[in-house]
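Reading through the structure tokens given below for one structure.
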Amino acid sequence: MKFLLIGDKIQPLQFMRQLGYHPHKDNGSFERRLSREQFPRWHVYLQKIANGWEASLHLDQKGACHSGQKAHSGEYDGELLAEEKERILNFLNK
């Protein structure tokens, strides 16, 4: 699910940490676990645009099934994603 975070003063690392996300160890994205386990977890990629950031959000249900592969089981739309998107946007608008 893609959506916009409008604002020229957004500092991605600080903003995402305030939301409970942590930098992903490999690729510059952010993740937030739903439990103590590695999965499921929210996963967000941010890309700079002219007036803010474009966020790409999905829910990783589990990791790659085969060693050396990046493919995984994830959700890219639906009610849970819409709720997390709203939580992020509401935090931005505080």
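Figures for the structure shown
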quantity: Alpha carbon Rg of the range 1-64, scaled by the compact-globule rule 2.2 N^0.38 Å; calculated: 1.13
quantity: Cleavage-rule hits, trypsin sites (Lys or Arg not before Pro), the range 16-49, DSSP coil, Cβ neighbours within 10 Å at most 11; calculated: Lys25, Arg36
quantity: Selection from Pro23, Leu4, Leu46 lying farthest towards where the dipole of the chain points positive, charges on Cβ; calculated: Pro23
quantity: Within the chain, GluC sites (Glu not before Pro) in DSSP loop having at most 15 other beta-carbon neighbours inside 10 Å; calculated: Glu37
quantity: Degrees separating the helix 79-92 axis from the principal Cα axis of the chain, which is the longest one; calculated: 40
quantity: Lysine pairs in the chain with Cα atoms under 26 Å, if 8 or more residues apart or on separate chains; calculated: 21
quantity: Cleavage-rule hits, chymotrypsin sites (Phe, Trp or Tyr not before Pro), the chain, DSSP coil, Cβ neighbours within 10 Å at most 15; calculated: Tyr76
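No lab work stands behind these numbers, since they all come straight from the coordinates. Only a predicted model underlies this, so the values are computations on that prediction, with no experimental measurement involved. Note that we place each Cβ from the backbone using ideal geometry, even for glycine, and neighbour counts take in every protein chain shown.
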